[in-house]
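Contents: one structure, followed by commentary.
The values are calculated or read from the model by the stated rules, or taken from the named source; none is laboratory data. Predicted, not measured: the structure shown is a model, and the values here were computed from it. Backbone-built Cβ (ideal geometry, glycine too); neighbour counts: all protein chains shown. Quick note on the areas: whole protein, heavy atoms, side chains included, nothing else; ligands and nucleic acids left out. Shrake-Rupley method; radii C 1.70, N 1.55, O 1.52, S 1.80 Å.
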Amino acid sequence: ITERDLVRAFARHGANAPSLRVRDAMSTGVPTCAPGDDLSTVMRTMTTRRYRHVPVVQNGELLGIVSIGDVVKQRLDDLELEASVLRDAYRAAR
């Protein structure tokens, strides 16, 4: 169950929301990913489906959760490495 699920539950049910069962308030059909999936695929899923967290599942077992912060950090690390390689190549060519 996510923060958004809780907000929706309160919007729909008002003061009765706390008495709901989790299964009645939580999102269903949540996209998942596998440990070997490409980060770009997970990022695309998060963007198009507007999810901030994607469960990592293998053989029906939850292994972890990828957050949008994880994706952004990895992308920034990749860009920093790329910039460093390009700077080194430029210096070597001079």
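With a cut-off of 8 Å between alpha carbons and a minimum separation of six or more residues, what is the relative contact order of the chain in percent? Reported as a whole number, the value is 18 percent. Only helices enter the 222 nm calculation for the chain: every DSSP H run of n ≥ 4 contributes -39,500 (n - 2.57), and dividing by all residues gives -17500 deg cm²/dmol, rounded to 500. Largest accessible area first, the residues Tyr90, Tyr51 order themselves as Tyr90, Tyr51 under a 1.4 Å probe with ligands, DNA and RNA left out.
Between Arg87 and Val7, the distance separating the two model label sites (each 7 Å from Cα on the Cα→Cβ line) works out to 3.9 nm.
Working from the alpha-carbon coordinates of the chain, get Rg over Rh, Rh being the Kirkwood radius.
Working: Rg = 19.5 Å, Rh = 16.1 Å.
We get a ratio of 1.21 for the chain.
Give me the extension gain from His53 to Met26: residue separation times 0.36 nm, minus the current Cα-Cα distance, reported in nm with one decimal. Let's see the in-between values first.
Details: separation 27, 0.36 × 27 = 9.72 nm, distance 1.38 nm.
Length gained between His53 and Met26: 8.3 nm.
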